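The values are calculated or read from the model by the stated rules, or taken from the named source; none is laboratory data. Remember, it's a predicted structure, so these values are computed and weren't measured experimentally. Because the Cβ atoms are built from the backbone with ideal geometry, glycine has one as well, and the counts that use them run over all protein chains shown.
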Amino acid sequence: MNAHDSERIKGMLEELGLGEAAVIEDADVLVFNTCTIREKAESRLSAHLGWAKALKEQDSERVIAVGGCVAEVQRRQLFEHYPFVDVAFGPGSIAHLGKWLGAGGHGVESGAFGTGMERVFASDLPMRRERPFQAWVQISMGCNSRCSYCIVPTVRGRQVSRGSGDVLDEVRRLAADGVREITLLGQNVNSYGRDLPAAERVDFSDLLRACDAVDGIERIRFTSPHPKDFRPDVIAAMAECTSVCEHAHLPVQSGSTRLLKAMRRSYDRERFLRLVEEMRQAIPDLALTTDLIVGFPGETDADFGQTLSLVEEVAFDGAFTFVYSPRYDTEAVAMADQIPDDLKRERISTLIELVQRIANERNERRIGAIEEVLIEGPSRTDPLLLCGRTRRNTTVNFAGNACPGDLVDVRIKGATSTTLNGEQLTSPVP
Ligand code: SAM
Ligand code: SF4
């Protein structure tokens, strides 16, 4: 979501005639788009702002803007901690920054605006896409769950779904503009539509089908879904829509039913395992990735063992692993039995090792297969190779002669825990 918001911020600044500076020291306007999901992201912002302060001292005309969830959560305090910041705006208020800068930075008083839940979809704002053939499409904002560790509902508010007509107009415009792959975005993407008025109500499965019907869109992805909202109609739509990719990110967080309850995830270990089974039956060759948290308050060795055994049992293709980070105003921050840092570190290394071993095994099974790859550009590790993604969302580095945005078939010849490598087989699918 933040990557998408940053594309909107860039697009809007370009529309105002501002280009991207080659080095930070040359920038007249510095915009920080911030995240507050874990403490580490917030501490990184302090380091960046220290640098921004030094730059502002060299040139007092330089504008420093802080957007996103840290601005939302800190509001006025941000200016007390960092008095050199000119403007702060909440995650749903990117458009306000444009108005402020468009008025020469003096149109409205310096200060925070757009915080305090004054939220709008940024769909009308210009967007500077990183790649012309891939686009994010925001379908909802906010979240109605109350996971006990999570700050998102506090900073991004309750769920508001975008009207399906508006979403589809954007998808059609993107297709006409040469986009081949879209990623539907929401904090809880598959609970889309439930807050819409009855007359306009469209479910996530209907939306997937409607996007699938748009000519030119060849790949549809979505993130992040909640396991509790993966209902049979969503699984059926995934199975039946040819553009919907064979990949689901299913954040499980823990393998222990006791902890899942304390986290308020509203499913237990057995329900999650059944869901995996149902999805794998409906969608052959489905890739599954997940989010996992270690060190949640009260996590015993037995709970952690349950997470390890669930990871083994499901055999995820990849996972984002997080050390639990206490966040303001969440239920978990006040829970007894906070886990010491050294134990959290020990557990996360054990978990990462297991996740990597399994991902490596899963990727090795692809050797010899032919995968359809959407080319993203040259490989980062070897510029003589091309790099792209399979429908199952695995990165592939390969020898070939096609262009970014082309779909090609690649024979897989090798694997690591995070990437595949291979050789292009066909000429590009036009
Ligand atoms: N809405 C998605 C869901 O419910 O699964 C996840 C969105 S959240 C922005 C992304 C991930 O950050 C979560 O799945 C969780 O693993 C992690 N996360 C959230 N709060 C955290 C915290 N306080 N400490 C550590 N990880 C956290
Ligand atoms: Fe946070 Fe996701 Fe839970 Fe919402 S569903 S509170 S975004 S972890």
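Take the residues in the range 219-256 that are among the aliphatic types (A, V, I, L, M) and within 13 Å of ligand 1 (Cβ to nearest atom), then tell me which one is surrounded by the most Cβ atoms within 10 Å (Cβ to Cβ).
The residue in question is ALA248.
Taking GLY165 and the conditions (1) crowded, with 21+ Cβ neighbours inside 10 Å; (2) part of a helix (DSSP H, G or I); (3) of a type in the set (Gly, Ala, Ser), which numbered condition does it fall short on, given that it satisfies the others?
So the condition that GLY165 fails would be (1).
Inspect the range 136-156 for any residue being in contact with a Ser or Thr (Cβ under 6 Å, 6 or more places away or on another chain), assigned to a strand (DSSP E or B) and either more than 9 Å from ligand 2 (Cβ to nearest atom) or at pLDDT 95 or above (or both) and give the result as yes or no.
yes
Starting from residues that are buried (at least 23 other Cβ atoms within 10 Å of the Cβ) and in a loop (DSSP other than H, G, I, E, B), keep the ones in the range 168-187 and report whichever is farthest from ligand 2 (Cβ to nearest atom).
VAL179
Answer yes or no: is there a residue in the range 135-154 that is buried (at least 20 other Cβ atoms within 10 Å of the Cβ) and more than 16 Å from ligand 1 (Cβ to nearest atom).
Yes.
Do the conditions hold for ALA112, that is, is it away from ligand 2 (no atom under 16 Å from the Cβ), modelled with pLDDT under 95, crowded, with 20+ Cβ neighbours inside 10 Å and farther than 22 Å from GLU42 by Cα?
Considered against the rule, which asks whether it is away from ligand 2 (no atom under 16 Å from the Cβ), modelled with pLDDT under 95, crowded, with 20+ Cβ neighbours inside 10 Å and farther than 22 Å from GLU42 by Cα, ALA112 comes out as no.
Suppose we keep only residues that are in a loop (DSSP other than H, G, I, E, B) and within 14 Å of ligand 2 (Cβ to nearest atom) within the range 329-341. Which one would you say is surrounded by the fewest Cβ atoms within 10 Å (Cβ to Cβ)?
Here the answer is ASP329.
In contact with a Cys (Cβ under 6 Å, 6 or more places away or on another chain) and either within 25 Å of PRO404 (Cα to Cα) or among the hydrophobic types (A, V, I, L, M, F, W, C) (or both): does that describe VAL152? Before the answer, list the steps.
On the way: in contact with a Cys (Cβ under 6 Å, 6 or more places away or on another chain): yes; either within 25 Å of PRO404 (Cα to Cα) or among the hydrophobic types (A, V, I, L, M, F, W, C) (or both): yes.
Yes; evaluated as a whole, the condition is true for this residue.
Name the residue that is farthest from ligand 2 (Cβ to nearest atom), counting only residues in the range 257-287 that are more than 19 Å from THR330 (Cβ to Cβ) and buried (at least 22 other Cβ atoms within 10 Å of the Cβ).
VAL276
Give me the residue from the range 404-418 that is within 26 Å of the chain's Cα centre (by Cα) and surrounded by fewer than 17 Cβ atoms within 10 Å (Cβ to Cβ) and, out of that set, nearest to GLY216 (Cα to Cα).
Result: PRO404.
Here's the yes/no breakdown for (1) outside any loop (DSSP other than H, G, I, E, B); (2) in contact with a Pro (Cβ under 6 Å, 6 or more places away or on another chain); (3) over 28 Å from PRO132 (Cβ atoms); (4) at pLDDT 95 or above:
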{"residue": "PHE222", "(1), (2), (3), (4)": "yes, no, no, yes"}
{"residue": "PRO225", "(1), (2), (3), (4)": "no, no, no, yes"}
{"residue": "THR242", "(1), (2), (3), (4)": "no, no, no, yes"}
{"residue": "GLY255", "(1), (2), (3), (4)": "no, no, yes, yes"}
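I need the helices (runs of 4 or more DSSP H) fully contained in the range 1-106, keeping only those with at least 1 residues that are among the acidic types (Asp, Glu).
Numbers: elements: 2-15, 39-58, 69-74, 77-81, 94-102.
In the range 1-106, 2-15, 39-58, 69-74, 77-81 are the helices (runs of 4 or more DSSP H) which contain 1 or more residues that are among the acidic types (Asp, Glu).
Find the residue count for the range 115-135, including only residues that are at pLDDT below 75 and either out of contact with any helix residue (DSSP H, G or I) (no Cβ under 9 Å at 6 or more places or on another chain) or of a type in the set (S, T, N, Q) (or both).
Looking only at that region, the number is 2.
Which one of these is surrounded by fewer than 14 Cβ atoms within 10 Å (Cβ to Cβ), of a type in the set (Val, Ile, Thr) and on the phi < 0 side of the Ramachandran plot: VAL23, VAL31, VAL63?
VAL23
Any residue at all in the range 201-217 that is at pLDDT 95 or above, within 16 Å of ligand 2 (Cβ to nearest atom) and under 27 Å from ASP169 (Cβ atoms)?
Scanning the range 201-217 turns up at least one residue that is at pLDDT 95 or above, within 16 Å of ligand 2 (Cβ to nearest atom) and under 27 Å from ASP169 (Cβ atoms).
Name the residue, out of GLU312, GLU299, that is of a type in the set (D, E, K, R), in contact with a Leu (Cβ under 9 Å, 6 or more places away or on another chain) and part of a loop (DSSP other than H, G, I, E, B).
Among GLU312, GLU299, only GLU299 is of a type in the set (D, E, K, R), in contact with a Leu (Cβ under 9 Å, 6 or more places away or on another chain) and part of a loop (DSSP other than H, G, I, E, B).
Residues checked against (1) of a type outside the set (Asp, Glu); (2) in a loop (DSSP other than H, G, I, E, B); (3) touching a residue at least 12 places away in the same chain (Cβ under 8 Å):
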{"position": "GLU353", "(1), (2), (3)": "no, no, no"}
{"position": "ARG362", "(1), (2), (3)": "yes, no, yes"}
{"position": "ILE367", "(1), (2), (3)": "yes, yes, yes"}
{"position": "GLY377", "(1), (2), (3)": "yes, no, yes"}
